[in-house]
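The values are calculated or read from the model by the stated rules, or taken from the named source; none is laboratory data. Model, not experiment: these values are computed from the prediction. All Cβ positions, even for glycine, are placed from backbone atoms using ideal geometry, and neighbour counts span all protein chains on display. With ligands, DNA and RNA removed, areas are computed over all heavy atoms of the protein, side chains included. Shrake-Rupley method; radii C 1.70, N 1.55, O 1.52, S 1.80 Å.
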Amino acid sequence: LKRYKGVHYVIQAFARLAHPAAVLEVAGAGDYRPALERLASSLDLHDRVRFLGRIPEAEKLALLRRAWGLVLASPKEGWGITNLEAAACATPVVASDSPGIRESVRNGETGFLVPHGDIGAMADALRSLSASPTLVRRLGERARRFAEGFTWDRAADETERHLLSSQHDVLAA
C-alpha cells in the first residue's frame, strides 16, 4: 500500500457509493496503510473497510471470486496483472484509464476505465456494478473470456512474429 497506488481514491469513491451492505476489502501491506485507515475512519467507514494485509495466493483468488468488482486506481503500471487475475476469476474491474492499465481492461466489456483520480466517475462505475448483478455477471463472463486469451503459446507466437518482422525491417533498411 503506497500512496501512488491511489487506494485513497478507492476509499473516497466507496464512501460515495452509499451502499450500506457493501464492504471494501483492501489486500496488501505498505507504509501508506495507517493513512488509509485514518481516511476510512474519517469517512465513518471503519466498520465497512477491512484491511487484510498481505494475503496468500489462495486467499487472494477466493477474494477475487467472491467480489462483485476489483478497483485499481494506480496512475500507471507496467501491466495490469491484478486486473487480469480478477478477469480470470470472472470479476469485473474498475480501473484508472492509465498507461499499462488500459490494456488489461476493455471499457464497457470487461469492466470500466475511469479518468485517474476522478472519484465521482469511480463511484458511478461502482454504483453501476453494485446495482446490477446481471451487469456483474455479463462483464465477468466477458472478462473471463478475455483473460483466457492470454496464454504462453500466444505470447511466444506474437513475440516470434514481432522479432521476425523487426529482423526483416533491419535487413531491408
- Query: In the set L126, L113, L84, which member is within 19 Å of H19 (Cβ to Cβ) and either open to solvent by 50 Å² or more (accessible area, probe 1.4 Å) or not in a loop (DSSP other than H, G, I, E, B) (or both)?
  - Reply: L126
- Can you tell me which residues in the stretch 1-55 are out of contact with any strand residue (DSSP E or B) (no Cβ under 9 Å at 6 or more places or on another chain), charged (D, E, K, R) and farther than 24 Å from L113 by Cα? D31, R38, D44, D47
- Note on the structure: A careful count of residues in the stretch 129-166 that are under 28 Å from G6 (Cβ atoms) and outside any helix (DSSP H, G or I) gives 3
- Query: Does E103 satisfy the criteria of being under 18 Å from F150 (Cβ atoms), open to solvent by 70 Å² or more (accessible area, probe 1.4 Å) and part of a helix (DSSP H, G or I)?
  - Reply: yes
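Would you mind stating whether Y9 is surrounded by fewer than 12 Cβ atoms within 10 Å (Cβ to Cβ) and in contact (Cβ under 8 Å) with a residue 60 or more places away in the chain? Steps first, please.
Working: surrounded by fewer than 12 Cβ atoms within 10 Å (Cβ to Cβ): no; in contact (Cβ under 8 Å) with a residue 60 or more places away in the chain: yes.
Considered against the rule, which asks whether it is surrounded by fewer than 12 Cβ atoms within 10 Å (Cβ to Cβ) and in contact (Cβ under 8 Å) with a residue 60 or more places away in the chain, Y9 comes out as no.
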- Query: When G78 is evaluated against the numbered criteria (1) among the small types (G, A, S); (2) open to solvent by 50 Å² or more (accessible area, probe 1.4 Å); (3) in a helix (DSSP H, G or I), which criterion, by number, is the only one it fails?
  - Reply: (3)
- Give the residues of the stretch 37-81 that are farther than 25 Å from A21 by Cβ and of a type in the set (K, R), sorted by residue number. R54, K76
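Mind telling me which of the residues R66, R54 ends up being surrounded by fewer than 12 Cβ atoms within 10 Å (Cβ to Cβ) and under 22 Å from A123 (Cβ atoms)?
Working: R54 fails: under 22 Å from A123 (Cβ atoms).
Only one candidate qualifies: R66.
Residue under question is P20, and the condition is that it be part of a loop (DSSP other than H, G, I, E, B), at pLDDT below 95, more than 17 Å from V136 (Cα to Cα) and open to solvent by less than 60 Å² (accessible area, probe 1.4 Å); does it hold?
On the way: part of a loop (DSSP other than H, G, I, E, B): yes; at pLDDT below 95: yes; more than 17 Å from V136 (Cα to Cα): yes; open to solvent by less than 60 Å² (accessible area, probe 1.4 Å): no.
Considered against the rule, which asks whether it is part of a loop (DSSP other than H, G, I, E, B), at pLDDT below 95, more than 17 Å from V136 (Cα to Cα) and open to solvent by less than 60 Å² (accessible area, probe 1.4 Å), P20 comes out as no.
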- Just checking, how many residues over the stretch 87-100 are closer than 18 Å to T134 by Cα and buried (at least 24 other Cβ atoms within 10 Å of the Cβ)? 5
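Condition first: assigned to a helix (DSSP H, G or I), over 24 Å from R144 (Cα atoms), open to solvent by 80 Å² or more (accessible area, probe 1.4 Å) and of a type outside the set (A, V, I, L, M, F, W, C). Can you find one or more residues in the stretch 38-49 that meet it?
yes
So which residues in the stretch 1-17 are part of a helix (DSSP H, G or I) and touching a Pro at 6+ places or on another chain (Cβ under 8 Å), if there are any at all? Working first, answer last.
Step one: filter the stretch 1-17 for residues part of a helix (DSSP H, G or I), giving 3-5, 7-17.
The answer is Y4, and nothing else.
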